[in-house]
1. Checking residue 34 against (1) closer than 30 Å to residue 81 by Cβ; (2) touching a residue at least 24 places away in the same chain (Cβ under 8 Å), which single condition isn't satisfied?
2. Within segment 34-82, track down each residue that is open to solvent by 100 Å² or more (accessible area, probe 1.4 Å), not hydrophobic (A, V, I, L, M, F, W, C) and not in a helix (DSSP H, G or I).
3. How many residues are surrounded by 10 or more Cβ atoms within 10 Å (Cβ to Cβ) and within 34 Å of the chain's Cα centre (by Cα) if we restrict to segment 23-32?
4. I'd like the full set of residues that are small (Gly, Ala, Ser) and part of a loop (DSSP other than H, G, I, E, B), limited to segment 1-33.
Amino acid sequence: MATTERTIQVTLPLIDARYLRRLSANMGWKIATIPTRKAATPKVKMTEEEFRAKVNASSEKAKAGHYITMLPDETGEQFIKRLCM
């Protein structure tokens, strides 16, 4: 009788998988844990049109002179505090 190997995927609770791993050593099985695949969630929080609109609005404000710059002797922390007031 010829032996053939087959791959079978079984989903088990973690505690049962530990038991099966110990059992597999006695049975001569090969057990491998495969990480579960998570559904890809888009990282995009806004559409490209919304992004372009925000960039254009920001550019227009800068051209009109409406922007805030860091003062020469100001630290980053001081600048952020001034922005948040």
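1. For residue 34, the failing item is (1).
2. Selection gives 35, 36, 37, 38, 41, 42, 43, 45, 66, 67, 72, 73.
3. 1
4. First pass over segment 1-33, keeping only residues small (Gly, Ala, Ser): 2, 17, 24-25, 28, 32.
2, 28, 32, listed by residue number.
The values are calculated or read from the model by the stated rules, or taken from the named source; none is laboratory data. These numbers were taken from a predicted model, which means no experiment stands behind them. Virtual Cβ from ideal backbone geometry, glycine too; neighbours counted across all protein chains shown. Only protein heavy atoms, including side chains, enter the accessible area calculation; ligands, DNA and RNA are left aside. Shrake-Rupley method; radii C 1.70, N 1.55, O 1.52, S 1.80 Å.
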